[in-house]
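J.: Mind having a look at this structure? Questions to follow.
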Amino acid sequence: MFLSDLRKLFINYFIENNHKYIKSSSIVSKYKDLLFVNSGMSVFKKLFYNNNNLNFVDIVSNQKCLRVNGKYNDINNIGFSDRHNTFFEMLGNFSFGNYFKEKSIYMSFKFLTDKNYLSIDINKIIITVYYEDYDSYNIWKKLGIKKYNIVKVGDKNNIKYNSDNFWNISYFGLCGPCTEIYYDFGDKYDGNFPGYGNVGDRYLEIWNLVFIQYIMNKDRNLLKLKYNSVDTGMGLERIVSVIQNVNSNYEIKLFKDLIDIIKIELYKINFSVTFVKNISNSFFKIISDHIRSSIFIINDGIFPSNKKHGYILRKIIRRSYYNLTSIGIKKPFLYKLINKFLLVLYDNYNDKSLLKNNNNINKNIEDIIFKEENNFINILNNGLLILKKECKTNNNFFSRETINKLYNTYGLPIKLILDFCKSNNINFEY
Ligand code: SER
């Protein structure tokens, strides 16, 4: 099953269950307190407060998301985690004051385990619930999940509601207890049982059902909303990794194709097959992830700049480029990937609301990436001079503040600054 098949199955399932399908909004958030949409629910924010104008109540969506700043920021995980992407598509069902825990849990369970849908073995499913959420615990038990596979998760550091099972839109705001569904890849992989630390490669969180009931204020007190709502989110690329049985987002067919494109372009500039074979996996993960994200961001009308959305885009392109320098590339390269990446992405995100297929935009994306690579090459060339100067001013010591300044002002990658410190015996704190 490919991305498009799974997306279709999910949307149709919820339509059959009386949900209205809402297409993905732009990845650029329409709300000022959020740069990019980071979850399916964030585009429906207002409906959690007031559903008066709805002539339908329940919604199903497949929302483009980007987790690159604020509370949900995965940028530094990319390259090291097999389960994270900066860009992903979030499948979700929502109810604003209509159904609640029982129906929501039942529908998710059926979609995952029923023969007509994903047909996942019930023994491979592990559940976590907020320790005070007895309702969810009992519903899962009633559906046949064994007691030892339902974990009650408490608060961290004795701070009330500071828990992986109490979801919050940001540091405060809309929130509620959540129940997470994990998939067990089996004992050939290492990892702690969900709720007991790092789940490693063995367990994968596939779906989060959040029961939005409150607004958390800045003092962490909860105010009850007028009605209870449901917000669920399942990362499409992750659930596809389960169905394609590959235990890594980067091994699903989509990413394999993207990574193959990078390899072919490397061969074309005379890297040998043996050399390419020995390049780290993290190299390919960073480039495939970041260039895919950049394409989606530019496709939604953002240009690299020093502010807000444009700054995030710039950071992603530069992080990819800097990665290229580790294998000695010194000329623009990423732009060569764009056309071929686009062909693969159109196949998988074949819907105007996800990716607009238009020759002018394509050419534009390629040009933007090319220019940004060139800008950054100039910065890197000047970087050494900037660093040497800074070294004198700071008496051979780089504080965290200085490092952040160099990063924010000149766009010098943190890794570049730290590498420079190490190879020149300069003390630093970071
Ligand atoms: N809002 C929840 C999340 O992002 C579920 O959609 O995980």
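Since every read-out is calculated from the coordinates, none of them should be taken as a lab result. A quick note: this is a predicted structure, and the numbers were derived from the prediction, not measured. All Cβ positions, glycine included, derive from the backbone under ideal geometry; neighbour counts span all protein chains shown.
J.: Hey, among I365, I403, which residue is touching a residue at least 60 places away in the same chain (Cβ under 8 Å), of a type in the set (V, I, T) and closer than 30 Å to Y335 by Cα?
T.: Details: I403 fails: touching a residue at least 60 places away in the same chain (Cβ under 8 Å).
Sole residue among the options that is touching a residue at least 60 places away in the same chain (Cβ under 8 Å), of a type in the set (V, I, T) and closer than 30 Å to Y335 by Cα: I365.
J.: Let me ask something else about it. Can you confirm whether the stretch 137-150 contains a residue that is under 12 Å from R220 (Cα atoms) and out of contact with any Gly (no Cβ under 6 Å at 6 or more places or on another chain)?
T.: Checked against the condition, which is being under 12 Å from R220 (Cα atoms) and out of contact with any Gly (no Cβ under 6 Å at 6 or more places or on another chain), the stretch 137-150 yields no hits at all.
J.: Quick test of your reading of the structure: L209 fulfils all but one of (1) in a loop (DSSP other than H, G, I, E, B); (2) crowded, with 21+ Cβ neighbours inside 10 Å. Name the failing condition by number.
T.: L209 satisfies all of (1) in a loop (DSSP other than H, G, I, E, B); (2) crowded, with 21+ Cβ neighbours inside 10 Å except (1).
J.: Of all residues in the stretch 108-126, how many are surrounded by 12 or more Cβ atoms within 10 Å (Cβ to Cβ) and of a type in the set (G, A, S)?
T.: Result for the stretch 108-126: 1.
J.: Can you confirm whether N38 is within 17 Å of I316 (Cβ to Cβ), within 12 Å of the ligand (Cβ to nearest atom) and part of a loop (DSSP other than H, G, I, E, B)?
T.: Against the criterion (within 17 Å of I316 (Cβ to Cβ), within 12 Å of the ligand (Cβ to nearest atom) and part of a loop (DSSP other than H, G, I, E, B)), N38 qualifies.
J.: Take the stretch 136-153 and flag every residue that is in a helix (DSSP H, G or I) and either surrounded by fewer than 16 Cβ atoms within 10 Å (Cβ to Cβ) or in contact with a Phe, Trp or Tyr (Cβ under 7 Å, 6 or more places away or on another chain) (or both).
T.: Taking the stretch 136-153 and keeping what is in a helix (DSSP H, G or I), we get 136-142, 147-149.
The answer is N138, K141, K142, K147, Y148.
J.: Kindly evaluate G195 against the criterion of being crowded, with 21+ Cβ neighbours inside 10 Å and not in a helix (DSSP H, G or I).
T.: Spelling it out, G195 is indeed crowded, with 21+ Cβ neighbours inside 10 Å and not in a helix (DSSP H, G or I).
J.: Could you count how many residues in the stretch 169-215 are within 15 Å of the ligand (Cβ to nearest atom), among the hydroxyl-bearing types (S, T, Y) and within 23 Å of K110 (Cα to Cα)?
T.: Total meeting the criteria: 2.
J.: So, in the stretch 260-311, exactly how many residues are in a loop (DSSP other than H, G, I, E, B) and surrounded by fewer than 22 Cβ atoms within 10 Å (Cβ to Cβ)?
T.: 13
J.: Just for the stretch 177-195: of the residues that are free of Cβ contacts under 8 Å to residues at least 60 places away in the same chain and closer than 24 Å to K101 by Cα, which one is farthest from the chain's Cα centre (by Cα)?
T.: Here the answer is P177.
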